Amino acid sequence: MYKPMRLFLILFSSVILASCGASVGVDYDTEKDFSKYITYNFYPELKTGLNELDENRIIKITDSLLQKKGMVKSDNPQLLINFYSSEYVSRSRNTIGLGMGSVGRNTAVGVSTGIPVGGNEVNQQLTVDFIDASQDALVWQAKTEGSFKERATPEQRENYYKKTLNNIFNKYPPR
């Protein structure tokens, strides 16, 4: 009986963890042969909606991930990369619940409240565009949503962007 319960717990945990990851939506030009795109660079003047530190993090991580795919950063690129973000701050969804209640003859009264813990969160939608430089045309786009603590350390922000961008670039090139 121990093994079936253990198997159930492993399966249940895997489903829960898989459902917690941010999903990535991708759209692309089905007429393009993406294997022909081997060089890239970023738009010279990005308007990302992010601070300069986060922009630099994203550029560094994107460079690393694309170079692992065999692409080369070039002054005369085939693809221009643009990325931008929209953000809003919300209260943490993690709460501690407190409640009181009583049950009497077919009646019930209850009072409960949630106290937020962990501080505010930055909710972010990140969009990455690949533009064919010779045609000035969007050929691939990915969007994802995620969140991190408003007071995240530089290391936590770096890890957030590594995970987010890795999820995005797992979808490139389209299959």
Need pairs with beta-carbon distance below 6 Å; first residue among the hydrophobic types (A, V, I, L, M, F, W, C) and within region 34-60, second assigned to a helix (DSSP H, G or I); sequence gap 6+ or separate chains. Ile58/Tyr161
Lys32 over 30 Å from Asn120 (Cα atoms), of a type in the set (D, E, K, R) and either within 22 Å of the chain's Cα centre (by Cα) or at pLDDT 95 or above (or both): yes
Out of (1) at pLDDT 95 or above; (2) touching a helix residue (DSSP H, G or I) at 6+ places or on another chain (Cβ under 8 Å); (3) of a type outside the set (Lys, Arg), the odd one out for Ala152 is which? (1)
Which residue pairs have Cβ atoms under 8 Å apart, sit 6 or more places apart or on different chains, and have a first residue in region 118-140 that is free of Cβ contacts under 8 Å to residues at least 40 places away in the same chain and closer than 27 Å to Tyr88 by Cα and a second that is of a type in the set (Asp, Glu) and part of a strand (DSSP E or B)? Val122/Glu87; Asn123/Glu87; Asn123/Glu145; Gln124/Glu87; Gln124/Glu145
Search result, residues across region 67-83 that are surrounded by fewer than 16 Cβ atoms within 10 Å (Cβ to Cβ) and either assigned to a helix (DSSP H, G or I) or within 16 Å of the chain's Cα centre (by Cα) (or both): Gln67, Lys68
Region 131-173, residues that are more than 21 Å from Leu53 (Cα to Cα), buried (at least 16 other Cβ atoms within 10 Å of the Cβ) and among the hydroxyl-bearing types (Ser, Thr, Tyr): Tyr172
I'd like the residue in region 18-29 that is part of a loop (DSSP other than H, G, I, E, B) and surrounded by 14 or more Cβ atoms within 10 Å (Cβ to Cβ) and, out of all such residues, is modelled with the lowest pLDDT. Ala22
Tell me the residue from Ser86, Ser64 that is outside any loop (DSSP other than H, G, I, E, B), modelled with pLDDT of 85 or more and exposed (fewer than 13 other Cβ atoms within 10 Å of the Cβ), please. Ser86
Can you tell me which residue is farthest from Lys60 (Cα to Cα) among those in region 114-138 that are modelled with pLDDT under 60 and of a type in the set (Val, Ile, Thr)? Ile115
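The values are calculated or read from the model by the stated rules, or taken from the named source; none is laboratory data. Computed from a prediction, not measured in an experiment: that's the story for all the values here. Please note: Cβ atoms are built from the backbone with ideal geometry, for glycine as well, and neighbour counts cover all protein chains shown.
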